Amino acid sequence: MRSLICPVCRATNKDAVICRRCRADLSLLHELDDYRIALVERARGAVAVGDVEGAKDWLAEAERIRPGSDTERVAALVALLERDFAGAWHHYRLAFSPREP
């Protein structure tokens, strides 16, 4: 279950296509979030086959949509593949630290 914040009234909506508070249509946000999830999955696939540059490209596009702990976890893996241990630690800490909504 994912939650989206309504851009109109800032209400948190759990898997709703219509905002529970102001009745705004959230379908485009759901489509954008689905696209972002696909980008993160592509980045994970690129990591699995050792394609560091491809993973970086997919992650950058996903991060432009919305940063998140899922992208930070994959970025930590990319850093490990590059033997950038300080960068991997940095991304790992960001992935598991609380974020503001």
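The values are calculated or read from the model by the stated rules, or taken from the named source; none is laboratory data. Remember, predicted model here, so these are calculated numbers, not experimental data. Glycine also receives a Cβ, built like all others from the backbone with ideal geometry; neighbour counts cover every protein chain displayed.
Checked against the criterion of being without any contact (Cβ under 8 Å) to a residue 24 or more places away in the chain, basic (Lys, Arg) and within 23 Å of THR12 (Cα to Cα), the stretch 59-70 contains one or more residues that satisfy it.
Inclusion of ALA62 among residues that are in a helix (DSSP H, G or I), modelled with pLDDT of 95 or more, over 19 Å from SER3 (Cβ atoms) and not β-branched (Val, Ile, Thr) is not warranted.
Within the stretch 22-47, restricting attention to residues that are surrounded by 14 or more Cβ atoms within 10 Å (Cβ to Cβ) and part of a loop (DSSP other than H, G, I, E, B), the residue that is farthest from the chain's Cα centre (by Cα) is ALA24. Counting the residues of the stretch 65-90 that are at pLDDT 95 or above and part of a loop (DSSP other than H, G, I, E, B) gives 3. Here GLY50 meets each of (1) assigned to a helix (DSSP H, G or I); (2) surrounded by fewer than 14 Cβ atoms within 10 Å (Cβ to Cβ) with one exception, condition (1).
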